[in-house]
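Quick note: the coordinates plus some simple rules give every number you see, no bench work behind them. If you're wondering where the values come from, they're calculated on a predicted model, not measured in any experiment. Because the Cβ atoms are built from the backbone with ideal geometry, glycine has one as well, and the counts that use them run over all protein chains shown.
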């Protein structure tokens, strides 16, 4: 569909969304257009309500419905910009209430046990230790760490340049341990892992960029090695990083910048998590509780 192709370009170029997100949003809009089966010029708010009801009847989760409604809001803005409709349909889109669920986190001791379970000094083990140190030191996403380039590391300033969602750039500081193992990896073992030339910071033994699946498996293996029997995945390091910083008194705006959150309300969920932990400790410890 030519219109959907234009919409996809609008999302990537004007809104700065990633290619994957733009594709997901375009698929949502395609589902809407095929579902309402009317000409766009004849759209009404009742078509939108009908679409939402249909999604609910088909058993879609609230999170999925919210994503589709976000897609529609952008699509209607695009339609008005293109002069196809002259009604602000996005104002007619109701927002279903999302049940807020707090993210899982690991304790400081659990995180350190996973990281320090890597006691061997083989080239691959040093690489893995550097990766886990950086995951916890920076709170970067899985997709962000595997896409880091050699040029993204500033040794003199102890900073990583990270490209997040929508290719937005941010600088994240590294602590001593992360720098130590990263330097050890770069200076002593990276070329021993593979002599194949690559611009990526972390490489496999074949000299290629890591995949997200590879990273997930690696984290899971070291978690099991450390004695953790729960489901461990890279994003838990991000949740734990943010929560531990805020519990330690870090400024929320600073944490927001380090995580690359566009909206501080996304970061605020970690303060709720800290409060929940505080309440739990209160209930366990207070003699009158």
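Once you have the alpha carbon radius of gyration of segment 2-92, what is it after dividing by 2.2 N^0.38 Å, with N set to its residue count?
The reported ratio for this selection is 1.03.
Note the listed values (1) 130; (2) 145; (3) 184, then indicate which one is volume of the Cα convex hull per residue in Å³ calculated from this particular structure.
Here the calculated entry is (3).
Which of 129, 253 has the fewest other C-beta atoms within 10 Å, and how do the rest follow up to the most?
Lowest to highest Cβ neighbour count: 253, 129.
Got a sec? How would 3, 236 order by Cβ neighbour count within 10 Å, fewest to most?
The order, fewest Cβ neighbours first, is 3, 236.
Measure off 7 Å from each Cα along the Cα-to-Cβ vector at residue 120 and residue 195, then give the distance between these two points in nanometres to one decimal.
Spacing of the two 7 Å Cα→Cβ label points: 2.3 nm.
For a paramagnetic label modelled at 7 Å from the Cα of residue 177 toward its Cβ, which residues of segment 127-163 fall within the zone defined by backbone nitrogen distances under 14 Å?
129-139
Want the number for residue 18 to residue 231: 0.36 nm per residue separation, take away the alpha-carbon distance, what's left?
Gain in length upon complete extension: 73.9 nm.
Please give the residues of segment 119-163, grouped as numeric ranges, whose backbone N is less than 15 Å from a label point set 7 Å along the Cα-to-Cβ vector of residue 221.
Counting only backbone N, you get 119-132.
Per-residue ellipticity at 222 nm for the chain, helices alone: DSSP H runs ≥ 4 residues times -39500 (n - 2.57), over residue total, nearest 500 deg cm²/dmol?
-17500 deg cm²/dmol
Over the chain, what is the relative contact order in whole percent, taking alpha-carbon pairs under 8 Å and six or more residues apart?
With pairs under 8 Å counted, the relative contact order is 17 percent.
Simple spin-label model, 7 Å along Cα-to-Cβ: residue 214 to residue 34 in nm?
3.5
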